[in-house]
Amino acid sequence: MSKAAGKLKSLKKTVERVTHTSKLKTNIPAGMAAAGPPLGPMLGQRAINIAAFCKDFNAKTAEMKEGVPLPCRISVNSDRSYDLAIHHPPATFFLKQAAGIQRGTMTPGKEVAGMITLKHLYEIAAIKIQDPPNVLLTMQQMCEMLISIARTCGIKVVREIDPAAYGEFLEERKLIVEQQRRELQEKREAKMLRTG
Amino acid sequence: MTSLTAVFQMARQRLIAPAIGNWARFYAAKPAAPAGKKKKLGKLGPIMEKKVIPVETDANKLVNYVCGSNYMKTGEDIKIKPDSEYPDWLWTLNTEGIVPLDELDPNSKQYWRRLRKLALRRNNQLSKLKKF
């Protein structure tokens with residue numbers, strides 16, 4: 001009986017502890033991880049060494065352009081160590097960059113912020129399909145997903161784009177965005193006056 | 001007596017007041033601000049600042065390249081290839097928006113999924129109208 005008990009004890013030792021904590025999902029700008037908010041408190045709650053994490057992340061993203069948002073999945077082990085998985089930048093980042101716009105629309109469906117072709121969409125899909133969550137998707141499914149994301153950003157997907165016409169469109173759009181920003185600022189100031 | 005006080009007042013104005021005025025100059029000069037950009041400090045350390053990533057403004061480049069596809073410091077953006085190098089299904093994708101139920105084929109999975117979704121939505125709306 002004692003031998004069996006001893007075997008059980010040794011088995012218990014070899015079995016690895018399963019961590020049931022959810023993965024920490026966050027977007028961190030490449031090469032710009034800092035110990036302060038919002039990253040610091042997130043890691044602090046999970047008892048991760050913040051300084052070591054920031055140093056590790058910045059070293060891993062050293063060859064990337066600074067400020068590019070990178071979706072990260074951080075799984076924390078029981079011994080306070082962590083596994084860091086860095087994905088490709090979000091689809092919205094790629095779509096906005098391809099369309100040449102800084103921000104999308106506030107009213108998608110009613111106004112167009114920018115335009116991209118189906119070819120652009122295919123090339124972006126080829127990059128995004130490499131991410132672990134999208135590995136099992138087909139290219140067609142990935143493209144359909146990107147079309148819906150583009151629609152929410154206010155980016156129109158077309159077959160062909162004329163460079164001259166698109167240049168004019170971007171110039172007009174710049175003025176509209178500036179006007180919208182001004183209106184938002186005025187609203188904010190009016191609100192401050194009311195509450196103050 | 002009055003002349004004496006007047007003399008003292010004049011002496012104070014001419015001798016003591018300028019000296020007091022000069023004393024302010026002997027304070028240590030404030031250290032010059034560093035040339036680099038100072039990081040914002042929050043309660044828990046330096047706040048992660050948002051960097052505005054510049055976008056391409058040249059329309060010709062936007063049309064012929066997938067700008068932003070290369071986010072590494074080295075390398076170039078992907079160049080758009082001719083139509084023949086892309087699959088045929090790419091040109092049949094629906095980019096216009098949601099297709100109405102009438103236009104969908106009743107033998108397809110999408111049709112029945114949409115029908116179920118609309119029925120659920122309608123039932124939920126009707127159940128909301130019930131008073132008790």
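The values are calculated or read from the model by the stated rules, or taken from the named source; none is laboratory data. Fair warning: this is a prediction, and the values are worked out from it, not measured in the lab. Neighbour counts run over all protein chains shown; Cβ positions are idealised from the backbone, glycine included. These accessible areas exclude ligands, DNA and RNA; they are computed on the full protein's heavy atoms, side chains included. Shrake-Rupley method; radii C 1.70, N 1.55, O 1.52, S 1.80 Å.
With the checklist (1) closer than 23 Å to B:D83 by Cα; (2) of a type outside the set (F, W, Y); (3) in contact (Cβ under 8 Å) with a residue 24 or more places away in the chain; (4) more than 8 Å from chain B (Cβ to nearest Cβ) in hand, flag the one item A:V177 doesn't pass.
Of everything listed in (1) closer than 23 Å to B:D83 by Cα; (2) of a type outside the set (F, W, Y); (3) in contact (Cβ under 8 Å) with a residue 24 or more places away in the chain; (4) more than 8 Å from chain B (Cβ to nearest Cβ), A:V177 misses just condition (1).
Do we find a residue being outside any loop (DSSP other than H, G, I, E, B) and surrounded by fewer than 17 Cβ atoms within 10 Å (Cβ to Cβ) anywhere in the stretch A:111-118?
Scanning the stretch A:111-118, I find at least one residue that is outside any loop (DSSP other than H, G, I, E, B) and surrounded by fewer than 17 Cβ atoms within 10 Å (Cβ to Cβ), so the answer is yes.
For A:K156, work out the one condition from (1) more than 7 Å from chain B (Cβ to nearest Cβ); (2) crowded, with 19+ Cβ neighbours inside 10 Å; (3) among the charged types (D, E, K, R) it doesn't fulfil.
Single failed check for A:K156: (2).
Is it the case that B:L115 is hydrophobic (A, V, I, L, M, F, W, C), facing another protein chain (nearest Cβ under 9 Å), open to solvent by less than 80 Å² (accessible area, probe 1.4 Å) and part of a helix (DSSP H, G or I)?
Against the criterion (hydrophobic (A, V, I, L, M, F, W, C), facing another protein chain (nearest Cβ under 9 Å), open to solvent by less than 80 Å² (accessible area, probe 1.4 Å) and part of a helix (DSSP H, G or I)), B:L115 does not qualify.
Check A:L146, A:L184, A:L170 and return the single one that is closer than 23 Å to B:D58 by Cα and either aromatic (F, W, Y) or in the same structural domain as A:A113 (by TED's automatic domain parsing) (or both).
That would be A:L170, the only listed residue that is closer than 23 Å to B:D58 by Cα and either aromatic (F, W, Y) or in the same structural domain as A:A113 (by TED's automatic domain parsing) (or both).
Filter the stretch A:123-144 down to residues that are facing chain B (nearest Cβ under 7 Å) and within 11 Å of B:L93 (Cα to Cα) and give me whichever is surrounded by the fewest Cβ atoms within 10 Å (Cβ to Cβ).
Per the criteria, the residue is A:Q140.
Give the residue, chosen from A:A62, A:A34, A:A47, A:A98, that is assigned to a loop (DSSP other than H, G, I, E, B), open to solvent by less than 30 Å² (accessible area, probe 1.4 Å), at pLDDT 85 or above and not charged (D, E, K, R).
Among A:A62, A:A34, A:A47, A:A98, only A:A34 is assigned to a loop (DSSP other than H, G, I, E, B), open to solvent by less than 30 Å² (accessible area, probe 1.4 Å), at pLDDT 85 or above and not charged (D, E, K, R).
In the stretch B:57-82, how many residues are part of a strand (DSSP E or B), of a type outside the set (S, T, Y), more than 7 Å from chain A (Cβ to nearest Cβ) and surrounded by 14 or more Cβ atoms within 10 Å (Cβ to Cβ)?
Residues that pass the stated criteria total 0.
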